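The values are calculated or read from the model by the stated rules, or taken from the named source; none is laboratory data. Model, not experiment: these values are computed from the prediction. Cβ placement follows ideal geometry from the backbone for every residue including glycine, while neighbour counts extend to all protein chains displayed.
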Ligand SMILES: [Zn+2]
């Protein structure tokens, strides 16, 4: 699932390609993608609009439009982004939303797991000006060790992994990068955030910064100028590596369900 590093790289690669372009057509392939609205007014509000900028808000890709509207796209578990320049378009696994632009380019959102017959499954969505409370952004200069320490103190009962993944507290991190960050900080996922020492909070802050910077660097190399689906994250140290040796201590990487999410960590070197 795309988290902060993927969305950051999607936004920075799409920005020069989309800024200044106008939307000429919108195809909503599955009406459920525009959650709670019908496709017609959504489409009518987008067509003819000029794109002013493309930014990331937490785990959401936001396309800023000339009218002041903002198209928010949340990829959820399996959503992916494909950009095709002018000319023939390549194939996309399962398109759910297509924006055609005035230079004959297209931005296509795809979700292989999208099943219109299962409305209860949360799938990727697109909406205009969605209201979401997004917490501190880890790439924002305001995200200091002191700010993280204050968040940890305020959320007394939260295990640290839950704190990292709560979008209302910290915007952009999810299950996979939280595992990587906690491994980097040598802190176990269930450690109570408010009981961490100042030294642990400082290690956690350093790991957040380092893991995100390294991932963004890797993903820039893999994305090569335009998004064509989600790059494979083969640089993970613990996430999706159950039973394999820990790259730091050689211990066996454990798996457990934590708040209904698969969690990997090294019991030998994460305290
Ligand atoms: Zn280890």
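Residues in the range 102-159 that are within 24 Å of residue 178 (Cα to Cα) and outside any loop (DSSP other than H, G, I, E, B): 14 in all. Residue 163 falls short on exactly one of the conditions (1) touching a residue at least 40 places away in the same chain (Cβ under 8 Å); (2) in contact with a helix residue (DSSP H, G or I) (Cβ under 9 Å, 6 or more places away or on another chain); (3) buried (at least 21 other Cβ atoms within 10 Å of the Cβ), and that condition is (1).
Scanning the range 223-235 finds no residues that are touching a helix residue (DSSP H, G or I) at 6+ places or on another chain (Cβ under 8 Å) and within 16 Å of the ligand (Cβ to nearest atom). Residues that are surrounded by fewer than 14 Cβ atoms within 10 Å (Cβ to Cβ) and more than 11 Å from the ligand (Cβ to nearest atom) were ranked within the range 256-271; the one that is nearest to residue 166 (Cα to Cα) is 259.
Among the residues of the range 59-71, which ones are part of a loop (DSSP other than H, G, I, E, B) and surrounded by 21 or more Cβ atoms within 10 Å (Cβ to Cβ)?
Here is the first cut: in the range 59-71, the residues part of a loop (DSSP other than H, G, I, E, B) are 59, 66-69.
Within the range 59-71, 59 is the sole residue that qualifies.
Applying a threshold of 7 Å to beta carbon distances and a minimum spacing of six or more residues, or different chains, the list of pairs starting in the range 183-207 at a residue that is outside the structural domain of residue 254 (by TED's automatic domain parsing) and free of Cβ contacts under 8 Å to residues at least 24 places away in the same chain and ending at one that is within 16 Å of the ligand (Cβ to nearest atom) and in a helix (DSSP H, G or I) is empty.
Among the residues of the range 72-83, the one identified as crowded, with 22+ Cβ neighbours inside 10 Å and within 14 Å of residue 15 (Cβ to Cβ) is 81.
For (1) within 15 Å of residue 61 (Cα to Cα); (2) in contact with a helix residue (DSSP H, G or I) (Cβ under 6 Å, 6 or more places away or on another chain), each residue gets a yes or a no:
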{"position": "81", "(1), (2)": "yes, yes"}
{"position": "90", "(1), (2)": "no, no"}
{"position": "112", "(1), (2)": "no, no"}
{"position": "132", "(1), (2)": "yes, no"}
